[in-house]
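Q: Sharing a structure below in structure tokens format, with a few things to ask.
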Amino acid sequence: MLRGKKILLGITGSIAAYKSILLVRELIKLGAEVQVICTPSALDFVTPITLSTLSKKPLLSDFVTDKKTGEWANHVDLGKWADLMVIAPLSANTLGKMVTGICDNLLMATYLSADCPVMVAPAMDLDMYKHITTSENINALLQRGVQIIEPGEGELASGLVGKGRMAEPEEIAQIIEQNLVGSSPLIAKKIVITAGPTYERIDPVRFIGNYSTGKMGYAIAESALSRGADVTLISGPSRLQAPEGVKFVSVESANEMFNAVEAVYSDCDALIMSAAVADFKPKNTFESKQKKASSSLNTIELIDTVDILKYSGEKKVGQKLIGFALETDNELENARLKLQNKNLDMLVLNSLNDKGAGFGTDTNKVTFVFNNHEVMHELKSKREVANDIIDALEKMV
Ligand code: CTP
């Protein structure tokens, strides 16, 4: 559920810090990337080696990570990296610092630099938790939009019984999950997304390809992941880094892409064909590089590639199918026809006539074509268009 999510986990000096070890394990199990930052006094309760091993990242506690080289932990980068910051346990001391802005350790510097949502799980002894200062500080955080994970009631480390013990790790993990993936209908749904160009081989050094970079498909994969979907990204040659958490399948030709799609199609909930699949491939390919002196490449006879989208439309048994179309003339009319011919649920129409749309740009201007209506969108970033596509898919499943 948390695949692709980046979480900063702050641990402060409280006996409940031992429970945070289990919280790290839980978050990693759910697929999150976790960076732990301990305050110096947290290290009286838990050891760096335990936390580094479980989080699979070096534990951070000091500003300077290597005194010899002067390497330091960049709190601004850490704050920008995270999708969510969780401080668990939150001690009365760190609570006070968060309210007043005292910045005397890496955790506080990161908190003040973070622009992601923040949640805290206080852990204190009964009377400390009841103290008016604590209540006022918690209210101050609440007013600033920090989410409080209420402590539970029960026996405390002091032997007193009452409210103050940190929420259990499983409960905190569940709240984190709700916060990060919400209640999207796409949670755990299997979504297959294709991206990038395909290369159709002529000889060992030459191919027929296109200008697609894969930006649109990779952005869609990221958006689907952020809703908790189980994403398979099948990509033609692209320089882009596959988003953390997707099942990545690398292919080269239309035929390879077809095989990869076919292997997962019957078991998926939705297929989004955003790849710019070559429509043609050379009828004959050569095992050795053709010399320019020979006339073998003066004319290349082309044959159709398999239309993956059309094939998927024919085999559809409940999967939602989204295709793309790039048109220059009679755009809407052609798009409606394509939607019907390929048995699609939605077609994303790109117009090459629009500035800022198409291959290689960071923006796109699209119209969503459905069976009985269309939705026109303004020029947006590919990330925003990707979110719009996934919003539309949420309404279909
Ligand atoms: N597509 C596919 N397999 C192919 C070619 C295209 O699955 N061999 C998919 C693309 O991923 C995209 C849509 O079909 O989702 C694009 O179709 P497009 O190339 O615009 O239209 P065609 O149906 O090929 O028709 P035409 O070229 O005549 O517009």
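Q: Tell me, what is the per residue accessible area of the range 190-396 in Å², probe radius 1.4 Å?
A: Numbers: 10510 Å² over 207 residues.
The answer is 51 Å² per residue.
Q: Among 293-305, 3-15, 104-116, what's the highest-first ranking by average C-beta atoms within 10 angstrom per residue? Don't skip to the end; give the middle numbers.
A: Working: 293-305: 10.7, 3-15: 24.3, 104-116: 19.3.
Going by the mean number of other Cβ atoms within 10 Å, highest first, we get 3-15, 104-116, 293-305.
Q: Quick check: net charge around L225, other residues with Cβ under 14 Å of its Cβ, Lys/Arg +1 and Asp/Glu -1?
A: +1
Q: With a sphere of radius 11 Å drawn around the Cβ of S113, what net charge do the other residues whose Cβ falls strictly inside it have (Lys, Arg +1; Asp, Glu -1)?
A: On the way: positive: K80; negative: D77, D115.
After counting each charged neighbour, the total is -1.
Q: What figure in square angstrom, to the nearest 10, would you give for the accessible area of I49 with a 1.4 Å probe?
A: 130
Q: How would Y218, Y311 rank on accessible area, largest to smallest, probe 1.4 Å?
A: Details: Y218 15, Y311 55 Å².
These residues rank, largest area first, as Y311, Y218.
Q: Roughly how many Å² is the accessible area per residue of the range 6-181, as a whole number, for a 1.4 Å probe? Walk me through the numbers on the way to the answer.
A: Numbers: 8170 Å² over 176 residues.
Roughly 46 Å² per residue, with all protein chains present.
Q: Then there's this: Scan around I87 for amide H atoms under 5 Å from its own, H built in the peptide plane at 1.01 Å from N, and keep only partners 5 or more places away or cross-chain.
A: Amide H neighbours of I87, under 5 Å, 5+ apart: G10, M119, V120, A121.
Q: Sticking with this structure for a sec: Search the structure for amide H atoms under 5 Å from the amide H of F248, placed 1.01 Å from N in the peptide plane, and list their residues when 5 or more places away or on another chain.
A: L233
Q: Which whole-number percent gives the relative contact order of the range 6-181, counting Cα pairs below 8 Å spaced six or more residues apart?
A: Values: 351 pairs, mean separation 39.8, N = 176.
Dividing the mean separation by the residue count of the range 6-181 yields 23 percent.
Q: Taking amide hydrogens as modeled 1.01 Å from N in the peptide plane, which residues meet the under 5 Å criterion relative to T363, leaving out close sequence neighbours?
A: K382
Q: Okay, moving on. At 7 Å along the Cα-to-beta-carbon direction for both V64 and A263, put a label point, then send me their distance in nm to one decimal.
A: Going from the V64 label point to the A263 one covers 5.1 nm.
Q: Once both axes come from the Cα atoms, what is the angle between helix 169-181 and the longest principal axis of the chain, in degrees from 0 to 90, rounded to 10?
A: 40
Q: For the range 190-396, with all protein chains present and a 1.4 Å probe, just round the carbon and sulfur fraction of the accessible area to a whole percent.
A: Numbers: 4870 of 10510 Å².
With neighbouring chains kept in place, the figure for the range 190-396 is 46 percent.
Q: Additional query: Cα axis of helix 382-396 to longest principal axis of the chain: angle in degrees, 0 to 90, nearest 10?
A: 90
Q: Compute the distance from the alpha-carbon center of the range 202-247 to that of the range 98-170, in whole Å.
A: Here the two parts' Cα centres lie 42 Å apart.
Q: Once phi is turned into θ = phi - 60°, what whole-Hz ³J(HN,Hα) does the Karplus curve with 6.51, -1.76 and 1.60 give for every residue of the range 239-246, x standing for Gly and Pro?
A: Whole-Hz 3J(HN,Hα) from phi for the range 239-246: 7, 6, 8, 5, x, 4, x, 8.
The values are calculated or read from the model by the stated rules, or taken from the named source; none is laboratory data. On a predicted model such as this, the values are computed, not experimentally measured, just so you know. Note: ideal-geometry Cβ built from the backbone for every residue, glycine included; neighbour counts use all protein chains shown. Areas reflect the complete protein model, heavy atoms only, side chains present, ligands, DNA and RNA absent. Shrake-Rupley method; radii C 1.70, N 1.55, O 1.52, S 1.80 Å.
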